[in-house]
Amino acid sequence: MAALDGRVALVTGAARGIGAAVAGRLAADGAAVVVLDLDEASGKATVDAIEAAGGRAIAIGADVTNAEQITAAADQAAEEFGSLDILVNNAGVTRDNLLFKLSEQDWDTVIGVHLKGAFLASKAAQKHMVAKKYGKIVNLSSVSALGNRGQANYSAAKMGLQGFTRTLAIELGPFGINVNAVAPGFIVTEMTGATAERLGITPEELAARSAEITPVRRVGQPADIANTIAFLVSDESSFITGQTIYVDGGRRL
Ligand SMILES: NC(=O)c1ccc[n+]([C@@H]2O[C@H](COP(=O)([O-])OP(=O)(O)OC[C@H]3O[C@@H](n4cnc5c(N)ncnc54)[C@H](O)[C@@H]3O)[C@@H](O)[C@H]2O)c1
């Protein structure tokens, strides 16, 4: 029997990058997976890959900052597959700029997707988890929570998620729900590709520079995060809650 047989997982921002890798891994471990992203079509490739590998998944188009949409998505997940056991709050955006150039809009967008998005999705999911007295929530923080030039908005959101994680762990623990965060370092995705573009170098150059100053001498891949999350949503980690696990090859910025 696979570790997540009979479980149902909802992964936000799962059309590509880390979210797609997490969705694929949880499906491979036996979970039925809801691939949620801004539009349904963009999540379909993740669903196709899961189905091709023999797994079960559906795509839902929703914006995590929209309470109605995210609540409907959580309810649909539970209806379609019978429960909602696992939530991975992964959807994210960057709008980098130095403080004096950072617009109010870019502040609101980043805080909105990461913090409000995780709040709304967790609130929608906990209803199903509390009823079953079982659940796993994982929030995506970042090493940028510790401070990163040009990312005041993103850093605030990612450190905010660590406090959010600790608080949900306290509130939801008595209902059999574990809540943890994973804080990735440099992971090769379109998000880090966009950072390279902003710095005027290629994604490969940025990855090579990062690898040089990372103790394990490589950058991370989406699978590194998926492996960690697979553990955190399994029953092997049921005494771990409220934690933030840095998955960064030893590099703290
Ligand atoms: N790549 C890294 O190095 C890195 C490092 C630390 C943390 N993270 C975090 O990991 C998560 C995934 O990052 P990634 O690199 O895979 O990013 P990505 O940009 O490749 O993918 C993010 C996905 O989120 C979706 N999304 C954005 N806003 C959304 C919204 N409002 N509603 C629903 N979906 C939305 C996007 O459409 C996209 O598919 C993010 O939370 C990011 O902040 C990434």
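The values are calculated or read from the model by the stated rules, or taken from the named source; none is laboratory data. This one's a predicted model, so the numbers in the text were calculated from it and none came from an experiment. All Cβ positions, even for glycine, are placed from backbone atoms using ideal geometry, and neighbour counts span all protein chains on display. Accessible surface is based on the protein model in full, side chains and every heavy atom, while ligands, DNA and RNA are left aside. Shrake-Rupley method; radii C 1.70, N 1.55, O 1.52, S 1.80 Å.
Scan (1) more than 8 Å from the ligand (Cβ to nearest atom); (2) over 13 Å from the mean Cα position of the chain (by Cα); (3) at pLDDT 95 or above for the single condition residue 2 breaks and write down its number.
(3)
Among the listed residues 53, 20, 28, 41, identify the single one that is of a type in the set (A, V, I, L, M) and under 17 Å from the mean Cα position of the chain (by Cα).
20
So which residues in the range 97-133 are among the aromatic types (Phe, Trp, Tyr) and closer than 23 Å to residue 85 by Cβ, if there are any at all?
Across the range 97-133, the qualifying residue is only 119.
Somewhere in the range 134-152, is a residue open to solvent by less than 40 Å² (accessible area, probe 1.4 Å), more than 8 Å from the ligand (Cβ to nearest atom), part of a helix (DSSP H, G or I) and within 16 Å of residue 232 (Cα to Cα)?
Scanning the range 134-152 turns up no residue that is open to solvent by less than 40 Å² (accessible area, probe 1.4 Å), more than 8 Å from the ligand (Cβ to nearest atom), part of a helix (DSSP H, G or I) and within 16 Å of residue 232 (Cα to Cα).
Using the structure shown, decide if residue 216 is assigned to a strand (DSSP E or B) and of a type outside the set (Asp, Glu).
no
Could you list all residues from the range 77-130 that are over 22 Å from residue 193 (Cα atoms), open to solvent by 30 Å² or more (accessible area, probe 1.4 Å), within 16 Å of the ligand (Cβ to nearest atom) and of a type in the set (S, T, N, Q)?
105
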